[in-house]
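What follows is a single structure, written as structure tokens, with notes after it.
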Amino acid sequence: MAVVLVLVLIVVGSVLFHLLSPWWWTPIASNWDYIDNTIIISFWITGIVFAAVVLFMAYCVFRFRHREGNRAAYEPENKRLESWLMIVTAFGVTALLVPGLFVWSRFVTVPGDATAIEVVAQQWQWSFRLPGKDGKLGTSDTRDVTADNPLGVAPKDPNGQDDVLVQAADLHLPVGKPVKVLLRSIDVLHDFYIPEFRAKMDMIPGSVTYFWFTPTRTGTFQVLCAELCGQGHPLMHGVVVVDTEQDYLAWLGQQQTFAQLSAPQQSGSANQPPGKIIASNLGVAANSKLSRSAQ
Amino acid sequence: MVDVTPADAVPPAEVGEVELYHPHSWWTKYVFSQDAKVIAVQYSATATAIGLVALVLSWLMRLQLGFPGTFDFITPEAYYQFITMHGMIMVIYLLTALFLGGFGNYLIPLMVGARDMVFPYVNMLSYWIYLLAVLVLVSSFFAPGGPTGAGWTLYPPQAIMSGTPGGQDWGIILMLSSLILFIVGFTMGGLNYVVTVLQGRTRGMTLMRLPLTVWGIFTATVMALLAFPALFVACVMMLLDRVLGTSFFMPAIVEMGEQLQHNGGSPILFQHLFWFFGHPEVYIVALPAFGIVSDLISTHARKNIFGYRMMVWAIIAIGALSFVVWAHHMYVSGMNPYFGFFFATTTLIIAVPTAIKVYNWVLTLWRGDIHLTIPMLFALAFIVTFVNGGLTGLFLGNVVVDVPLSDTMFVVAHFHMVMGVAPILVIFGAIYHWYPKVTGRMLDETLGRFHFWVTFVGAYLIFFPMHYLGLMGVPRRYAELTDMTIMTESARHLNSFISIMAFIVGFAQMVFLFNLIWSIRHGREAGGNPWRATTLEWQTPQTPPEHGNFGKELPIVYRWAYDYSVPGAKEDFIPQNVPGDFAPSREPA
Amino acid sequence: MSVILVFLLVIAGFAGWWLSHQRLTAKPWLEQGLAGDFVGFDRSALPTAKIGLGVFLAVVGCLFSLFTSAYFMRMGLPDWQPLPLPRLLWLNTGMLVLSSVALQCAVVAARKGQIDNVRLGLATAGFTTLAFLVGQLMAWRQLTGDGYLLASNPANSFFYLITGMHGLHILGGLVGLGRTSVGAWNGARPERLRLSVELCAMYWHFLLFVWLCIFALLAGWAATFIDICQRLLT
């Protein structure tokens, strides 16, 4: 009989845990509340099924537990019941799938007015590249990566000269403007993930992946890497700051372009080339980033 | 009665009569044995031993996650080595080997009424190659640089680069070699399981009279035979990338400021191959569990399994569908996003036959005569955890919901619930159920109940709350969950709680092991058919069955495996090999 | 992954055909009684060893389909440079065809009980197969001599990988052939010998088929063929 009690307790406890526990998603900061809504639908449907199945099971165990002289009923199958259950299940599954697919088609269709920005990952830090005045990002290639050109921007491409580079520092974005995030890695798989934005996508060395979102509130958000990328994986944090338009332009004005950074007199001063130095100072790099995000 | 089999077509299982009864030396009887039952015990013992290693590894990682910074010896490198070996051992070397190599070897010949597997020599080789694979795997703990820390998915480029533990040392090489060996060994065993079901069945054992255990193991083996080659291909190609510098999976890479020699390869290609194996693998573990749990429920509820035909069709449907859902593991991998529509649809379709199986288990309980024996308790616990884990699978299969949840603790909680806890609960139930047949003695009841309650409630308390960490956005595979803005103080406490539960559940397994060993000598005598079950393995003349299983004459099967509580019959079960009809009218009114 | 899916579809076709003969819609609880009622729905009349080999060949087919799938996926990437196939491969193909033919002759001879011809067939098959393997090694040497190294281009890597994997399977087959030959010379029971010879022939025919597919793949005909099919479809 203990098992009946425990089965009921599991249902009640799980539902109460779901409703009362303090562990829930972070307040959203992007347009992907559609995704949150789809999760809510999923919770309702699956929650009802879970409670129904387990409670029914508890009832069966209670009602039909062995007592002296009992004998089980003989019922090989029941076509009608099985068909009904199948139809109801198919209906429930459709109710989960259809909204999901609608939101997914939105997710993969990038709006025309989205600004392309680029995130470049490497073991174990984030860099960013924004299009310059021409609004276009220059091409890039992992083979072009050198100490002076850590992001591998093609040196000959005229589109790339005015690109704004943000190396191993915070990225700022204007609030309310859709952004198409182009994702690139120069070593292993990484994944650009900000819990508050809900969206994420792997970055694959050798190709460029993407997703899009619109930041809906200002604030400072922590970037996490969500694809195992070696032993520094848990320390691969970054910061994205969502600004008002004004603050954003002010920040943008202070950034340097690819042409400026690759000019000979500048090299070796402000920006340390990534690679061995930063990698060996991994702890330091991560800490400094954290202290910045704390401020 | 026409004998259609030509002279040379007599299956070796029957030819072996002379061979079976010649005197055996100790070595050929217990070590290099060709008896499927001995091989089954060897498989099970080896899998359990290596599974214990994986259990200890899980403790170590929970130490780190629950109490960060307290245990200095768990460096990030070590942590990644722990999770990798834990995952790989549990999925391949424990679950696959135990279900197919252990239960498959023991139950298939007995349940279909064969004297042995059809190719006993190949069967023996299969075990020894498996053992070799395990030894190679274990040797990586002692190799320079330690085992690989690439995660059980072994994604390149990271898996074979120096930023990953074992990536440029021996770890990854030994891991890949061990997998290749495992697959070779498994293929040998798998051929046996499939062909024995096809050809070794005794007279009257039509496919629709097979117990669902055999259906589950049979279908899973067919799937494994077709899916493991994908892992084999992936392993061989990665091994070449790592050792000989080819570029199957390795694109142009700058590692720590240095350009590597590789060029142009595709990491996504590896992921396709890996998951082409990896998803069927989930069902390779699940289907035997489905089959076994059906038999446990039916036997201990004294009622035929509800909707047997639907159960068989569902097993076949799940097996077939599971080959066209693999890319749901890759929604955020950067593959063509339009694949998402297709794979989300196939993935959710597979939920329908799976749900039917759940309904039929529960409906078998309805109007049953439920004996709350330990196997039955484990079966009930399986249903709870499987339903829970299966339903969260609907979240992750639904492509857009997967976007925020993938690579978080939600995924970890989901797959532990559905293919960790649930199948292991079935394994426990099955061991309590068949231990009397293997040893002739019952497992101790009190220890068993203690083991059940701690394992079931503990495992639920570990993995149910873990979903909510994932919902918060806590990523998986983080050696340190410090310095994260989303990690609240209460979430840290939750993590410590999960760790403590993990130690308690792990401890209960020690009790179980003690019970296993102690009961061999001191358990209650079981008799031939302690559960009063219908299937053939309980009808053997000796318990434990001898080499050859059925004595002089093979049983002849007259009925399906689920004649429990037939109206009009005197007993509440009729074994499959009992002739005669006890119930004139069997169609329910 | 389309190649492997097509392959699995074929397997599923076989499985479906077989299952459709197993009365999966029967209601087993209504069918208590004598086993004899169901003769023909029991095990197949084929020898068990042949069925075992058939299942194994399905696994081998799966393996090579997966290599082919990987080949096509990798081929689409820009750094792919096809390598010229050595002429020698034609000769090797001829050798493998010969060995298959020889084994088929041995099967016919074994069915008629002509032990001398069985021996002749087995010996011919063994030598031609060895010649095939040696020829493959010489093709490898020729390619490496011309600078087509394993790691220098993915097309080369696949060439060595797939031919090597095929060679290993042939080598495994030679072990079986060796055992059969020992039996043929030491007077094994005729029906046993016949079965082993048949198994060898089955394995050889399959590996010849695999080799022809591989050859077409490596020579680029397979890609052209698929291209034409795609154009016809669109």
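The values are calculated or read from the model by the stated rules, or taken from the named source; none is laboratory data. These numbers were taken from a predicted model, which means no experiment stands behind them. Note: ideal-geometry Cβ built from the backbone for every residue, glycine included; neighbour counts use all protein chains shown.
Quick notes
- Output for segment B:192-214, where each listed residue is touching a Leu at 6+ places or on another chain (Cβ under 8 Å) and assigned to a helix (DSSP H, G or I): B:TYR193, B:VAL194, B:VAL197, B:LEU207, B:MET208, B:THR213, B:VAL214
- Only a single item in (1) hydroxyl-bearing (Ser, Thr, Tyr); (2) touching a residue at least 40 places away in the same chain (Cβ under 8 Å); (3) surrounded by fewer than 24 Cβ atoms within 10 Å (Cβ to Cβ) is not met by B:TYR93, and it is number (3).
- Hey, B:GLY307 surrounded by 24 or more Cβ atoms within 10 Å (Cβ to Cβ), in contact with a helix residue (DSSP H, G or I) (Cβ under 7 Å, 6 or more places away or on another chain) and on the phi > 0 side of the Ramachandran plot or not: yes
- Residues in segment B:144-180 that are touching a Leu at 6+ places or on another chain (Cβ under 6 Å) and small (Gly, Ala, Ser) were compared, and the one that is farthest from the other protein chains (Cβ to nearest Cβ) is B:SER178.
- Search result, residues across segment C:72-96 that are at pLDDT below 90 and among the charged types (D, E, K, R): C:ASP79
- Residue within segment A:63-78 that is at the interface with chain B (Cβ under 9 Å from one of its Cβ atoms), farther than 24 Å from A:VAL4 by Cα and under 48 Å from the mean Cα position of the chain (by Cα) present: yes
- Taken over segment B:242-256, the criterion of being part of a loop (DSSP other than H, G, I, E, B) and more than 12 Å from chain A (Cβ to nearest Cβ) is satisfied by B:GLY245, B:THR246, B:PHE248.
- Test: residue in segment C:167-180 that is modelled with pLDDT under 95 and outside any helix (DSSP H, G or I): no
- Flag if A:VAL98 is more than 7 Å from every other protein chain (Cβ to nearest Cβ), out of contact with any strand residue (DSSP E or B) (no Cβ under 7 Å at 6 or more places or on another chain) and assigned to a helix (DSSP H, G or I): yes
- Subset of segment B:461-476 that is surrounded by 24 or more Cβ atoms within 10 Å (Cβ to Cβ) and within 19 Å of A:PHE192 (Cβ to Cβ) - its residue that is nearest to the other protein chains (Cβ to nearest Cβ): B:GLY473
- Single residue of B:GLY278, B:GLY368 found to be surrounded by 24 or more Cβ atoms within 10 Å (Cβ to Cβ) and modelled with pLDDT under 95: B:GLY368
- Test for B:ILE183: is it aliphatic (A, V, I, L, M) and at pLDDT 95 or above: yes
- Conditions (1) surrounded by 16 or more Cβ atoms within 10 Å (Cβ to Cβ); (2) assigned to a helix (DSSP H, G or I); (3) β-branched (Val, Ile, Thr): number failed by B:ILE517: (1)
- Among the candidates B:THR485, B:THR543, residue that is of a type outside the set (Phe, Trp, Tyr), assigned to a loop (DSSP other than H, G, I, E, B) and within 27 Å of the chain's Cα centre (by Cα): B:THR543
- Entry remark, segment C:151-160: residues being more than 24 Å from C:LEU212 (Cβ to Cβ) and under 25 Å from the mean Cα position of the chain (by Cα) number 0 in total.
- Scope segment A:108-130; condition outside any loop (DSSP other than H, G, I, E, B) and free of Cβ contacts under 8 Å to residues at least 24 places away in the same chain; matching residues: A:VAL108
- Just one of (1) surrounded by 24 or more Cβ atoms within 10 Å (Cβ to Cβ); (2) in contact (Cβ under 8 Å) with a residue 60 or more places away in the chain; (3) within 11 Å of chain C (Cβ to nearest Cβ); (4) of a type in the set (A, V, I, L, M, F, W, C) fails for B:ALA230. It is (2).
- Only listed residue being more than 8 Å from every other protein chain (Cβ to nearest Cβ) and surrounded by fewer than 16 Cβ atoms within 10 Å (Cβ to Cβ), chosen from B:MET510, B:MET501: B:MET510
- Residue within segment A:53-69 that is of a type outside the set (A, V, I, L, M), surrounded by 15 or more Cβ atoms within 10 Å (Cβ to Cβ) and part of a loop (DSSP other than H, G, I, E, B) present: yes
- Whichever residue in segment A:104-131 is out of contact with any strand residue (DSSP E or B) (no Cβ under 6 Å at 6 or more places or on another chain) and surrounded by fewer than 21 Cβ atoms within 10 Å (Cβ to Cβ) and, among such residues, is farthest from A:VAL166 (Cα to Cα): A:SER105
- The set of residues from segment A:1-45 being more than 23 Å from B:LEU380 (Cβ to Cβ), part of a loop (DSSP other than H, G, I, E, B) and either touching a residue at least 40 places away in the same chain (Cβ under 8 Å) or over 26 Å from the mean Cα position of the chain (by Cα) (or both) comprises A:TRP25, A:THR26, A:PRO27, A:ILE28, A:ALA29, A:ASN31, A:TRP32.
- Of the strands (runs of 3 or more DSSP E) lying entirely inside segment A:131-212, those containing at least 1 residues that are within 13 Å of chain B (Cβ to nearest Cβ) span A:179-185, A:190-193, A:200-203.
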